[in-house]
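Encoded as structure tokens, the structure appears first; notes follow it.
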Amino acid sequence: MDAATRERLLGRLRAVVGDRYAFADPYEVRLYQYDASPETALPDVVVIPGTAAEVAQVVKICADAEVPITARSAASSLAGGTVPVQRGVVITFARMDRILEIDADNLRAVVEPGVVNLSLSQALRPHGYYYVPDPSSQGACTIGGNVGTNAGGPHTLLYGVTVNHVTGLELALASGELVQVGGRKAGSASGYDLTGLFVGSEGTMGIATKIWVKIQPLPPVQKTLMAVYPDVETASNAVSAIVRSGILPAAIEMMDKLSIQAIEAASHAGYPLDAGAVLLLEVDGIPELVEELGERMAKVCRESGASEVRVAKDEAERQALWKGRKGAFSAMGRLSPDFYVMDGVVPRTKLPETLAKIDAISARTGYKICNVFHAGDGNLHPLVLFDAFKPGQYEAVLRIGDEILKLCADAGGSVTGEHGIGLEKRENIRYIFSDDDLEVMDRIRHVFDPHGLMNPGKVFPGEVVEGSAPSRAPDHAPRRAANVAGGDEIWV
Amino acid sequence: MTELATLDFKRQIDRDGVPSPAAGIDMDLVRDCIHCGLCLPKCPTFRILHHEGDSPRGRMWQIKEAALGLVAFDDPRFQAHVYQCFNCRACETACPSGVQFGSVMEMARALTPPQNRRDRMVRAILLNGLLPHPRRLRVTGWFYRAARAARLPGLLRRTGAWKVLPLGKFAAFPPVGDSAPRQPRLPALTPAEGTRRARVGLLTGCIQDEMFHGTNRRTALALARNGCDVVVPDARLCCGALASHAGEAQTAERLAARTMDAFTGLQLDAVVVNAAGCGSNMKEYELQLRNDAQRREAGAAFSRTVKDASEFLVELGLRPPARRITLRVAYQDPCHLVHGQKVHQQPRQALTIIPGLELVEMKESDWCCGSAGVYNLTHPEISEAALASKVGHIIDSGAQVIASANPGCILQISMGLQRAGRDIPVVHVMDLLGWAYGDEGQEPPIVRRAMA
Amino acid sequence: MGLNARVAALPGHEITVEEQQPFRVDDLLPSRVVRPADAQDAARGLRLCDLAPTAVVIWGGGTQMRLGAAPRRYEVALSTERMSRLLEYEPADLTCRVEAGMRLRDLQEALLAQGQRLPLEPPHPDRATVGGMLAANANGLGRARYGTVRDWVIGIAVAYPSGKLARAGGKVVKNVAGYDLMKLHIGALGTLGVIAEVNFKVQTRPQVEATLIAHLDTPAAAVDTGTALARQYLAPAAAVVLDQSALKDCGMTADWRWTLALKFEGYAREVEAARDKATSLIRAAGGRVEGDDVPSRFWHAARDWSAPDGDLVVVRAIVPLTAIHAIFGVLPEDSQVMAQPAAGLVDVRVPAAFAASILRRLRTAGGDQGQVIVAAAPAAVKKELDVWGPPPPGFPIMRALKQALDPNGILNPGRFVGGI
Ligand SMILES: Cc1cc2nc3c(=O)[nH]c(=O)nc-3n(C[C@H](O)[C@H](O)[C@H](O)COP(=O)(O)OP(=O)(O)OC[C@H]3O[C@@H](n4cnc5c(N)ncnc54)[C@H](O)[C@@H]3O)c2cc1C
Ligand code: SF4
Ligand code: SF4
């Protein structure tokens, strides 16, 4: 974007949000080039609107000027979802962080997109309710971002991910309109379910400016168990055994040896350092039942090879175990200067063989790969450890990532379970979708965003947007997937 | 100005090789940050200013870029963001990666002395001109007390002159403290009462000793009642905390060395500190002395003996005081205690041991009040915003008295509450404990009534 | 190729009058019936219809054909009856893949053999197909506890008029790759494509089941008890408020007017506790627990009540929980009602003569946060009614979506919201 265009645009945006909240200072915009992924790209202008109406006006101004728009909430995306690869305007929601309504009678809360996930549950607690989806990043990530990525979390195993808990949205569309879809009631009786369609669209269909979510009564008690296994294979077989036993745990998380070491170094959560793998399990419900289920689950764990099963004896111990688990990614900082997280999914029964294959990749390439993940869902998070200051390592790690995702796809799984396709995996999406599949999705995108201005360069492979938008920064030539597969056999 | 290239370490490294970071910045510490964003919702300046540049993650990123030469250390925007930080270290508590934000920030500040006029003035006068100099401090203290005795604060309030005078708001709304004429120095040794359990040194401090002399006396009393010999070194000491947090590395280093020397050779089990900012600083002398190879090791050893007063007393096991204080008290966590020293429960335990005292929790008790060393002088607007929400939470909590553990916080919150027209005194945890152990004097009326 | 030639090239064949009858939609009859063998076949068939272009009405089990407006045009009936296989089922993964024409009962039986189930119970599972359930978003009585169709579908393959068979989602329980087109097709009434294959996640069957029948003096008390249960932990698997006549339809006679029927499912201890809690809530509301014994067909009849065969008119209100009272408030004395208070749903069977006025009243009472639709009605009555009500705010997008996926408007033309 040339300087004159930028100034004109900035002027118009400032008229909407005020001088403080729209800026193009090259120094300041550098701070909006990153999220929690390794990807970076600079925006031209950053806007921090304060209301939905302002968002709509900002979108309209950008659309009229044919400038790309990227929504950025807490920027905890692990897929480069907020990285403005085609420059343009970044909209952040730092000022839109109000809980607008807690409507316990209708089991709903209404929030602005910038509300931090955890703070919503904290605000609900005194009322006896909570908001279920609990990404490990819940202390940082926002409901708006969760809607963007359809975020999951440890406790979404039993109760469902973000889309299962969102009943309505107010959207700022590329047309500059503000439209409400869905709302307070459960489900839609007439018209297409645009709420469901929008959740997980990673900012490519528009921007959520207001969100209606379900809230749920807090379970009376939660019991957390830690089962210690000699290796990941035994632990992953145990996952299937638990599921088959008829117990419905609220969460089943797995950590391997390396992860345990990192977690313990970071938070002294109480995981045994000599374990080959650990399962963190939780059941919730009324006290009598939880007691019974806890015992049954402990029995299944022992029978499936656990050398030790420990029950968190009080809330403090339980919190410590979860804090360790939820801080796991960040704790990797203790093992290695950099890491690269994958988010593949495989059917639960394919966990042992997939983990073995990942192990083999690690052995072959010499890069350490640790695993800490939502085992109950088969949602793997292999973390490849590396040092970005060593030449060649980053590229090598990207190749390893490709290989792992291919593995997951081949096992009948997916290339992303919760982090989203974003920038990072848009070539990998071909591992699971054919051109026909993608073509239909692209048509739908086109309905919402005819000029390709909403978070361009994301979700879809090798996309180039025509028009006046500047092309992708030279550093971001699309990464071709190692092996492009055609649809059918892969998908099923 | 020309546009800067996208920083993409990984690809840039492949192209240009590993950049050599600026001297004075420990790149390993900087790279601990994985930009996950978990610290953002806990950062007071991000909440007030909404810009990534004023968030912990943004600051780490800027420091990284500066260290790699992508932006200049003396870029005014770099400075603005770096000095707009409260240095409250709430981000450290929030960070699962173990980023040592306070240390990184001090390194960065040391490399870029502030250019802004107000900031420079505060530094010249307060950090380098006054605090390190015992005699000047004493004279200032004398003026302060004389002014209070002459009811100057009331005059300032009535005339509204506080709004224009430098430091006016603090002069007009002083905390309940030593308005009485200067009292005698604490004796070199206050002997233990009952069975002797420990021998400790007590840092009486710079500002603390001038403005909160009584708090020091009550701290000594509480220690003695709990079986400690309390040793007070002869020299008047400034531990260098304010200087170090503000990036005045040389002043800080000199003061650290002096403080250590004063406590050396006294056969102490611990050095007890009742000012959170000083305690947190003294627990990190190793870092302060990192450029002094000889003393670095000694600094680390010294730091291990430093304890916050309530931390020490709770660890020792408090003897229950006899006097009841029937009051509803909320505790405000000083940043340098809760985030800097991870001392959270102990002051609360020290308070609840007082018979009759009911401890209530206020919202966000561990959020910075905006005092932040000299920050309330250098950045009054942001500081005021933080103070305003603090005052709101205090009022909502229904507490009759606020207890804290750092002179800066006590001054700031006191001023805020008085300006809001609230008669809620702010005192030190050790004040309440001291009064409960039988100390007389300087208690605010509401406390006096509660003790009856 | 001329139109006739193209039509002649359609799969299937011209049909006789007798063959036509089962495919009647309102008062229209098709001239052809197509019965694709599988998903690809369906896509190819659809392509031919699109070339013509020929209006296609998709047929599953036909249990929801009285839903929606009368089609504008109707030439080809596309029946999924041959696409009825269970393609994949891995009990340990709790997932399966089925063809859209599979009957729900057949699927449930296969799952049951492994101690599992799909906790969705739309009306008439012996006839209803998986595809029809998705298209009509037909849910049973468990929606407040188990969610709706959208919460259990993890993947989908859809044949489009373009002749393409495109998939979305996958066969793993957690997946955010690409757009969630499952949501788009669920409840779209077949206006965007022919749902050809569906992947579900399933669950382990609950350990025990129990029922509680309670009698309450007013509908308000019954509704309040039902919503109060939903707001607490241990919500029942089904909570239904029935008036006397609806109760009779379900095989029970009573001398009281309002009944709250509760179904509990889960682990034994949980069910016991939930029943105790419900009992005390019912008593607190001034109600009387009448027992836990119901005729064996009770729950099935209750499930099917809202999709009656024959010429009945059913109006359905979906509103926020707190608006249910307002709905009951405008119902005529002795209305035939079955409500699911925890889901904010009220079904009313209304006499054809009053359908329009009741519909109007309910729409006013439901407010702008609610929706009131005609869930079933004979053709003659439908003509007089605005079946879907005013198009929702996002309607321009909906129309654009239709245009993007079915540009020639061959799929169920006119049956959906706003004439889509
Ligand atoms: C340590 C760590 C642990 C994590 N654990 C999990 C986990 O357990 N489960 C999980 O699902 N994810 C996890 N994540 C990933 C990340 O937190 C989630 O993707 C989260 O949903 C992102 O929220 P955010 O507010 O940071 O959104 P951002 O990162 O700012 O944005 C995410 C995407 O949504 C879009 N978007 C943002 N706001 C809006 C809006 N208002 N309207 C439309 N689109 C919008 C953006 O353009 C972007 O594509 C983790 C990340 C980290 C760093
Ligand atoms: S400082 Fe810590 S919490 Fe904040 S972004 Fe960096 S790693 Fe995350
Ligand atoms: S020290 Fe305090 S103000 Fe500074 S970045 Fe950290 S949390 Fe924010």
| request: Count the DSSP beta bridges whose two residues both fall in the protein assembly as shown, then state the antiparallel fraction as a percent rounded to the nearest 5. | output: 75
| Stokes-Einstein D (µm²/s) once Rh is taken as the Kirkwood radius of the stretch A:221-326 over alpha-carbon pairs, at 4 °C in 1.567 mPa s | 96
| query | Mind checking which lysines have their C-alpha under 23 Å from residue B:64, skipping anything on the same chain fewer than 8 residues away? | reply | A:390, B:10, B:42
| note | Taking only the alpha carbons of chain C, the radius of gyration and the largest Cα-Cα distance, Dmax, both in angstrom, are 21.7, 74
| remark: Output for the stretch C:306-382 (equivalent-ellipsoid semi-axes, sqrt of 5λ from the C-alpha gyration tensor, Å, descending) is 20, 12, 11
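In units of 2.2 N^0.38 Å, what is the alpha-carbon radius of gyration of the stretch A:331-434?
Expressed relative to 2.2 N^0.38 Å, the Cα Rg reads 1.01.
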| query | Among the lysines, which fall within straight-line cross-link reach of residue C:171, defined as a Cα-Cα distance under 28 Å, with same-chain neighbours fewer than 8 residues apart omitted? | reply | A:214, A:326, A:350, A:357, A:406, A:425, A:458, C:183, C:201, C:402
| field | Alpha-carbon Rg with Dmax, taken over chain A, Å | value | 22.5, 71
| task | Could you work out, for the stretch C:188-231, what percent of all Cα-Cα pairs fall into each 5 Å distance bin, beginning at 0 Å and stopping at the bin that holds the largest distance? | result | 5, 12, 11, 12, 10, 11, 14, 16, 8, 1
| chain B: mean projected area of Cα convex hull, nm² | 21.7
| remark: The summed charge of the residue C:186 Cβ neighbourhood (under 12 Å; Lys/Arg +1, Asp/Glu -1) stands at -1
| Cα-based equivalent ellipsoid of the stretch A:99-217: semi-axis lengths in Å, sorted from largest, via gyration tensor | 21, 16, 13
| Order of C:129, B:195, B:305 - criterion: other Cβ atoms within 10 Å of each residue's Cβ, fewest first | B:195, B:305, C:129
| query | Rounded to the nearest 500 deg cm²/dmol, what is the calculated helix-only ellipticity per residue at 222 nm for chain B, with -39500 (n - 2.57) per DSSP H run of length n ≥ 4? | reply | -13500 deg cm²/dmol
| query | Say the dipole of chain C comes from +1 at the beta carbon of Lys and Arg and -1 at that of Asp and Glu; which of C:376, C:165, C:153 then lies farthest toward its positive end? | reply | C:165
| request: Quick one: net charge around residue A:205, please, counting Lys, Arg +1 and Asp, Glu -1 for every other residue with C-beta under 10 Å from its C-beta. | output: -1
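Once you have the Kirkwood Rh of the stretch C:208-293 from its Cα pairs, apply Stokes-Einstein at 25 °C and 0.890 mPa s and quote D in µm²/s.
The diffusion coefficient I find is 194 µm²/s.
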| field | For the stretch A:99-217, share of DSSP beta bridges that run antiparallel, in % to the nearest 5 | value | 100
| request: Give the relative contact order (percent, whole number) for chain A; include only Cα pairs under 8 Å separated by 6+ residues. | output: 15
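Summing Lys, Arg as +1 and Asp, Glu as -1, what charge do residues with Cβ under 10 Å from the Cβ of residue A:250 carry, residue A:250 excluded?
Net local charge, residue A:250 excluded: -1.
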| message | Cβ neighbours within 10 Å, averaged per peptide: list B:412-420, A:73-81 in order, most packed at the top. | response | A:73-81, B:412-420
| query | Going from the alpha-carbon gyration tensor of the stretch A:34-92, what semi-axes, largest first and in whole Å, does one get by taking the root of 5 times each eigenvalue? | reply | 20, 13, 7
| remark: Footprinting proxy, B:61, A:212: sorted fewest to most Cβ within 10 Å, the residues are B:61, A:212
| request: Rank these for me by crowding, B:378, A:416, A:5, A:40, going from fewest to most other beta carbons within 10 Å. | output: A:5, B:378, A:40, A:416
| request: Report relative contact order for the stretch C:86-204 in percent, whole number only (criteria: Cα-Cα under 8 Å, sequence separation at least 6). | output: 32
| said: Apply the a/c threshold of 1.5 to the C-alpha gyration tensor of the stretch C:281-343 and tell me whether it is rounded, prolate or oblate. | reply: oblate
| Among A:257/B:307; A:223/B:342; A:223/C:174; C:174/C:277, which pairs are too far apart, with a Cα-Cα distance over 31 Å? | A:257/B:307; C:174/C:277
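How large is the charge dipole for the stretch C:208-293, taken about the Cα centre, if only the Cβ atoms of Lys, Arg (+1) and Asp, Glu (-1) carry charge, to the nearest 20 debye?
The calculation lands at about 220 debye.
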| field | Calculated [θ] (222 nm, deg cm²/dmol) that DSSP helices of n ≥ 4 give over chain C, each run adding -39,500 (n - 2.57) | value | -8000 deg cm²/dmol
| Nearby aspartates and glutamates by direct alpha-carbon distance to residue A:185 (threshold 12 angstrom, same-chain neighbours under 8 apart not counted) | A:103, A:105, C:368
| field | chain A: calculated mean residue ellipticity at 222 nm from DSSP helix runs of at least 4, using -39500 (n - 2.57) | value | -10000 deg cm²/dmol
| Based on Cβ point charges of +1 for Lys and Arg and -1 for Asp and Glu, what charge dipole magnitude is obtained for chain B about its Cα centre, in debye rounded to the nearest 20? | 1500
| remark: Cα extents of the protein assembly as shown per principal axis, largest first, Å, are 114, 75, 67
| request: Using only atoms on other chains, find how many Cβ atoms lie within 10 Å of each Cβ of peptide B:288-300 and report the average. | output: 0
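Each value in this text was obtained by applying a stated rule to the coordinates, not by laboratory testing. These figures come from a predicted structure and were not determined experimentally. Glycine gets a Cβ as well: all are built from the backbone with ideal geometry, and neighbour counts include every protein chain shown.
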